[in-house]
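The values are calculated or read from the model by the stated rules, or taken from the named source; none is laboratory data. Every value quoted in this text rests on a predicted model; they were computed, and no experiment measured them. Using ideal geometry, Cβ is built from the backbone for each residue, glycine included, and neighbour counts are taken over all protein chains shown. Surface accessibility is based on the protein's heavy atoms, side chains included, excluding ligands, DNA and RNA. Shrake-Rupley method; radii C 1.70, N 1.55, O 1.52, S 1.80 Å.
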Amino acid sequence: MKILILNAGSSSQKSCLYDMTSPIPNLAPQPLWEGKINWTENQNQAEITVKTATGAKLQETIAGDSRQVQFTHLLSTLTNGETKVIDDLAAIDVVGHRVVHGGQDYQEAVIITEKVKQAIAHLCNLAPAHNPAALSGIEAIENSLGNIPQIAVFDTGFHRTLPEAAAIYPIPYNLVEAGIRRYGFHGISHQYCAKRAAEILGQDLQSLRIITCHLGNGCSLAAIKNGCSIDTTMGFTPLDGLMMGSRSGSIDPGILIYLLQKYNYSSQKLDNVLNKSSGLKGISGVSSDLRAVIAAKDQGNQRAQLAWDIYVHRLRAGIGTMLASLQGLDVLVFTAGVGENSPAIRQAACEAWGFLGLKIDSAKNHQKPIDIDIATSDSTVRVLVIETQEDWAIAQQCWKLLQQ
Ligand code: ADP
């Protein structure tokens, strides 16, 4: 079965094509084809990169701002030129989408219907950087591939097991009843990493208390017990919790009231400031990319140093919250762009827990670990760096749904 996966992020659309045969492994196989559209700062062009399992590569810049045109071009690389892997787009059996917000009604993978599309659209204001992108991917597939079955896998789904004490905000109860609660995000990644951690350690997932640190442009933590999410840092929207690339994470809600009253901020301005101009970018003034912030800090830039210090402070505090929910810890997992690639962040996060006997091996931490335990042999907690495989996890869920 050929399955095309679309993973719509805030600044990119990643996609890949898998050829799936039973039995389905947990460890991701290499996709036949991987394509990415990067929406650059220049709205009028997009960068497209493609690579195939056989080593063919393509890099192009597409002019214009039509997502449909960019998307159609990306799909054409599946059937044309050096990156061709199938004769016809009709060879694709099903398309799976990562959808960030599924709200209360969509907690499991579902076949996309008009009703599901409306629900995703309805939730756009809760995940403004992501749900609209997923929706445009679904519509682009409809335009290019017609009536092919499409499946939505929700990032909120894994957190459906949050206990009420962790999920419910202390606000008037009628607002709770109106659906204002912690949903949590990055669930596809947290769930995959927890399973993979148990596999790497050769232990039963049900017996492990795990904290997964998904640190990318967006950052969140999950506390996982018996294989289920019992706490997480993102909330009603992906703006809650840790400091991120350009998102503030948790701030005193009184600040919002102050900005509304004192500076007449519109809701759109608040949205823009907190989602796009805060976090590492807002504090450092350098970039939302941690690599650039570290480089500036190392050259003596004081605001970059402050951005780093806040990021580490909040990451440690978040881990502390997850620890309290788990009442102990067997495994700490680092994943996503920062988690997988920054030894300095892993070291800084782990240092705080030395008093619990958590120790990492500095050499292992610096040797570009992938799916490896970087803790010392006498550490009381295993520390894993896991390459997140959201696309494969989506493909697995689509396969499972189609078998039912
Ligand atoms: P997304 O959340 O958009 O999926 P990723 O998980 O790919 O993003 O993470 C992207 C981020 O990872 C970049 O913005 C960058 O800050 C960070 N990153 C990548 N490599 C490194 C590195 N070597 N050191 C520090 N940060 C890195």
Residues being among the acidic types (Asp, Glu) and open to solvent by less than 50 Å² (accessible area, probe 1.4 Å): count how many of those fall in region 86-104.
0
Output for region 302-329, where each listed residue is within 16 Å of the ligand (Cβ to nearest atom) and surrounded by 14 or more Cβ atoms within 10 Å (Cβ to Cβ)
304, 305, 307, 308, 310, 311, 312, 314, 315
Please specify each residue of region 140-189 satisfying the condition of being of a type in the set (S, T, N, Q), open to solvent by less than 20 Å² (accessible area, probe 1.4 Å) and over 22 Å from residue 227 (Cβ atoms).
150
Of the conditions (1) in contact with a Phe, Trp or Tyr (Cβ under 8 Å, 6 or more places away or on another chain); (2) open to solvent by less than 30 Å² (accessible area, probe 1.4 Å), residue 107 fails just one. Which one is it?
(2)
Which one is farthest from residue 338 (Cα to Cα), of the residues in region 269-287 that are modelled with pLDDT of 95 or more and open to solvent by 80 Å² or more (accessible area, probe 1.4 Å)?
269
Considering (1) over 22 Å from residue 222 (Cα atoms); (2) within 16 Å of the ligand (Cβ to nearest atom), say which one residue 378 fails and leave the rest.
(2)
Is it the case that region 204-211 has a residue that's hydroxyl-bearing (Ser, Thr, Tyr) and buried (at least 21 other Cβ atoms within 10 Å of the Cβ)?
no
Look through 99, 116 and report the one residue that is closer than 20 Å to residue 155 by Cα and within 16 Å of the ligand (Cβ to nearest atom).
99
Members of region 348-370 that are without any contact (Cβ under 8 Å) to a residue 60 or more places away in the chain and assigned to a helix (DSSP H, G or I):
348, 350, 351, 354, 355, 356, 362, 363, 364, 365, 366
If we keep just the residues of region 1-53 that are open to solvent by 50 Å² or more (accessible area, probe 1.4 Å) and without any contact (Cβ under 8 Å) to a residue 12 or more places away in the chain, which is nearest to residue 88 (Cα to Cα)?
22
Condition met for residue 65 (open to solvent by 40 Å² or more (accessible area, probe 1.4 Å), of a type in the set (Asp, Glu) and at pLDDT 90 or above):
no
Quickly run through region 212-236 and pick out the residues that are more than 15 Å from the ligand (Cβ to nearest atom), in contact (Cβ under 8 Å) with a residue 40 or more places away in the chain, open to solvent by 10 Å² or more (accessible area, probe 1.4 Å) and in a loop (DSSP other than H, G, I, E, B).
236
Determine whether residue 386 is closer than 30 Å to residue 2 by Cα, touching a Cys at 6+ places or on another chain (Cβ under 9 Å) and either among the aliphatic types (A, V, I, L, M) or surrounded by fewer than 20 Cβ atoms within 10 Å (Cβ to Cβ) (or both).
yes
Candidate set from region 330-349 (those that are closer than 24 Å to residue 218 by Cα and away from the ligand (no atom under 16 Å from the Cβ)); member that is farthest from the chain's Cα centre (by Cα):
331
Please specify each residue of region 288-300 satisfying the condition of being buried (at least 17 other Cβ atoms within 10 Å of the Cβ) and either over 16 Å from residue 243 (Cβ atoms) or without any contact (Cβ under 8 Å) to a residue 24 or more places away in the chain (or both).
293, 296, 297
In region 185-211, the residues that are away from the ligand (no atom under 16 Å from the Cβ) and at positive phi:
202
